[in-house]
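The values are calculated or read from the model by the stated rules, or taken from the named source; none is laboratory data. None of the values given here were measured: they were computed from a predicted structure. As a convention, Cβ positions derive from the backbone with ideal geometry for all residues, glycine included, and neighbour counts pool all protein chains shown. For accessibility, only protein heavy atoms count, side chains too; no ligands or nucleic acids. Shrake-Rupley method; radii C 1.70, N 1.55, O 1.52, S 1.80 Å.
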Amino acid sequence: MTLATIWLTIARKEFGDALRSRMIWGIVVIIAVMTSLSAGISLLIPDVEGGAEMAIGGASQFAGLLVPIMALIAAYLAIAGERESGSLKVILGLPPSRGEVLLGKFLGRSGVVAIGLALGFVVSGLVTVILYGGLPMVAFIGTTVLTVLLGVSFVGIAIGISAVTATRARAMTLAITAYLGLTLLWDLAPNAVHLLITGEMPGGVVPAWFLLLQGFSPTGAYNALVQRLLLGGGTAVEARIGGPAPSYLDPVVFLVILFAWTVGPLFVGYLRFRRADLS
């Protein structure tokens, strides 16, 4: 059996298990319902001009909070759960190595999350068409792809967490900590640094490094990319910093940050997992 075949076999098993547990359909329903509601919220607020692009922006803002926790839930027990139950020792008694198991589980869970998010956004897009009479396809497809990348990034974080923990409880604790730290609390760090350096809280115009610091988290990078996509190039960035945008605020930088948050935890998890005593 070749290395690629082993990865694919494990990935297919993970994907099949998710289908049987209806995990993927849960992601579809939750994403579809919540992003559809957020897309139509401007119609419920008097004196607010809405449109399809604003609806996509609203859906992406909600997805930035919802997708990370769904991806973490989908993957944080991928290794830790089987390690605690003892089934992992059975799997490792067969041809797959620890690295192959980790990669296969990452690919399988990423596929589940990616398909679930894509289908959920398709439903949301149909709702947007019904509500607003049209859909800007470039903005919609771009936002959907970026949302999938955000989900895959948090799958990488979750698999990394799962690989370094021996129990379900510890994996859950680290997953909750990752969600709170990277999604809800990250903005406190740029604000604190801004206050320390300038002596005041951020206002309407901020230094360029402030936006970079905001984008160092996966959700921050995702929000920066979506805003650049929906608001038309670097115009919004230049308005925010009051001048030309430096090269380190280029979208490629934030894509690299998302990639780093995907592979970094996987690599750290592999280093710990390959030396772990599973007895």
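Can you confirm whether the stretch 227-243 contains a residue that is small (Gly, Ala, Ser), part of a helix (DSSP H, G or I) and either within 19 Å of Ser60 (Cβ to Cβ) or in contact with a strand residue (DSSP E or B) (Cβ under 8 Å, 6 or more places away or on another chain) (or both)? Outline the logic, then answer.
Taking the stretch 227-243 as the starting set, the residues that turn out to be small (Gly, Ala, Ser) are 232-234, 236, 239, 242-243.
Now drop any that are not part of a helix (DSSP H, G or I), which leaves 236, 239.
Next, only the ones that are either within 19 Å of Ser60 (Cβ to Cβ) or in contact with a strand residue (DSSP E or B) (Cβ under 8 Å, 6 or more places away or on another chain) (or both) stay: 236.
Yes: one or more hits.
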Quick check, is Ser153 under 23 Å from Ser60 (Cα atoms), without any contact (Cβ under 8 Å) to a residue 60 or more places away in the chain and polar (S, T, N, Q)?
-> no
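What helices (runs of 4 or more DSSP H) lie completely within the stretch 14-127 and have 1 or more residues being open to solvent by less than 30 Å² (accessible area, probe 1.4 Å) and at pLDDT 85 or above?
Values: elements: 23-39, 52-75, 80-85, 87-92.
Where helices (runs of 4 or more DSSP H) fall fully within the stretch 14-127 and carry at least 1 residues being open to solvent by less than 30 Å² (accessible area, probe 1.4 Å) and at pLDDT 85 or above, they are 23-39, 52-75, 80-85.
Suppose we filter the stretch 162-175 for residues that are touching a helix residue (DSSP H, G or I) at 6+ places or on another chain (Cβ under 8 Å) and open to solvent by 20 Å² or more (accessible area, probe 1.4 Å); how many remain?
At the first step, the residues of the stretch 162-175 found to be touching a helix residue (DSSP H, G or I) at 6+ places or on another chain (Cβ under 8 Å) are 162-168, 170-171, 174-175.
Next cut, open to solvent by 20 Å² or more (accessible area, probe 1.4 Å) only: 164, 166-168, 170, 174.
Total satisfying the criteria: 6.
May I ask you to list the residues in the stretch 128-145 that are modelled with pLDDT under 85, of a type in the set (A, V, I, L, M, F, W, C) and surrounded by 19 or more Cβ atoms within 10 Å (Cβ to Cβ)?
Initially, the stretch 128-145 is screened for residues modelled with pLDDT under 85, giving 131-134.
Checking which are of a type in the set (A, V, I, L, M, F, W, C) leaves us with 131.
Across the stretch 128-145, there are no qualifying residues.
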Residue check, Leu126 without any contact (Cβ under 8 Å) to a residue 12 or more places away in the chain, under 30 Å from Ala55 (Cα atoms) and in contact with a helix residue (DSSP H, G or I) (Cβ under 9 Å, 6 or more places away or on another chain) = yes
